[in-house]
1. Going Cα to Cα from residue 267, which lysines come in below 28 Å? Please leave out same-chain ones fewer than 8 positions away.
2. Helix 198-211: angle to the longest alpha-carbon principal axis of the chain, degrees 0 to 90, nearest 10?
3. In terms of Cα to Cα distance under 16 Å, which lysines are near enough to residue 108, apart from those fewer than 8 places away along the same chain?
4. Any idea what diffusion coefficient segment 196-256 gets from Stokes-Einstein, in µm²/s, Kirkwood Rh on alpha carbon pairs, 37 °C, 0.692 mPa s?
5. With a 1.4 Å probe and all protein chains left in place, how much accessible area per residue does the chain have, in Å²?
6. Compute and list, largest first, the equivalent-ellipsoid semi-axes of segment 1-150 from the alpha carbon gyration tensor, each √(5λ) rounded to a whole angstrom.
7. For segment 180-277, which whole percent of the accessible surface, found with a 1.4 angstrom probe, sits on carbon and sulfur atoms?
8. How charged is the neighbourhood of residue 52? Take every other residue with its Cβ under 14 Å from the Cβ of residue 52, and add Lys/Arg as +1 and Asp/Glu as -1.
Amino acid sequence: MQVVKTIPELRALRQKLSGTVGFVPTMGYLHEGHLALVKRARTENSAVIVSIYVNPAQFGAGEDFGAYPRDLNRDLELLEGEGVDVIFVPSDGEMYPPGFSSWVHVEKVTERLEGASRPGHFRGVATVVAKLFNMVAPAKAYFGQKDAQQVVVIKRMVADLNMGIEMVLVPTLRESDGLAIGSRNICLGPEERRAAAILFKALTLARRLGQEGEKDVDRIRRRMISLIEQEPLARIDYVSLADAETLAELDLIDRPALASLAVWIGKTRLIDNMPLE
Ligand code: PAF
């Protein structure tokens, strides 16, 4: 396993790798969800490259960039056991040198949900992922279903810019109470951690109502909202029932849909989603 910090070092190692390269971009503070992506990449490729970079461009003013959890030594230890070939850990100066002024803006699918709540977030994500794709030149890239809108945005970018990279979507890993495993869970105090299970409960309620034949989105959304409001530590940012591909809000569940939500638990904003068949 080689750990490199600069783009020339990364490119030099990349050139020596033969066969297919699988790529897992991360912001570090790795958990089981990331390791599931790495394991999947390991089984499907001749070589695996992982990046660890907390990308300032995808955090808005007043968001948790400074407080985002980081532990590089622990990350490297976790990856050591996974058969990763190269780990890229760039600095901000390496990624955004003085004079940097080119951005990737994906239209439409970035305007809703996370894009509406976090202006500029997806411009930062698309730009850094495009840069990493250019440096790593992978055959396949691995992303978690937990960030469903991010996957829709990056798929759009890959198709529109003819990047020729296969996107592999890996299901969300969950704790025993259903909480989606995520880097921000560490920020929850014990009471908040208990309360955080409300996201999964609301999503499973939506799925159950759908399975029972409820098609009216307003009714499903109202039931989800009233369930979440029973949890005193939870504050809703959004609850969405949208077309699974375009993320346009639906009136009726008459096609593959995605239930998704963002909820503040204390000072921590959590997201989760569930496809509704
Ligand atoms: O999902 C993440 O961790 C980040 O958004 C990503 C894809 C690594 C880009 O910074």
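1. 146, 201
2. Roughly 70 degrees between the two axes.
3. 155
4. Values: Rh = 12.0 Å.
The diffusion coefficient I find is 274 µm²/s.
5. I get 47 Å² per residue for the chain.
6. Details: eigenvalues 122, 59, 51 Å².
In descending order the semi-axes read 25, 17, 16 Å.
7. Details: 2570 of 4910 Å².
Carbon and sulfur: 52 percent of the exposed surface of segment 180-277.
8. Working: positive: 5, 70, 74; negative: 71, 75, 77, 80, 82, 92, 94.
Net charge in that neighbourhood comes out at -4.
The values are calculated or read from the model by the stated rules, or taken from the named source; none is laboratory data. Owing to the predicted nature of the structure, the values given are computational and were not obtained by experimental measurement. Using ideal geometry, Cβ is built from the backbone for each residue, glycine included, and neighbour counts are taken over all protein chains shown. Side chains are part of the model used for accessible areas, which takes the heavy atoms of the whole protein and leaves out ligands, DNA and RNA. Shrake-Rupley method; radii C 1.70, N 1.55, O 1.52, S 1.80 Å.
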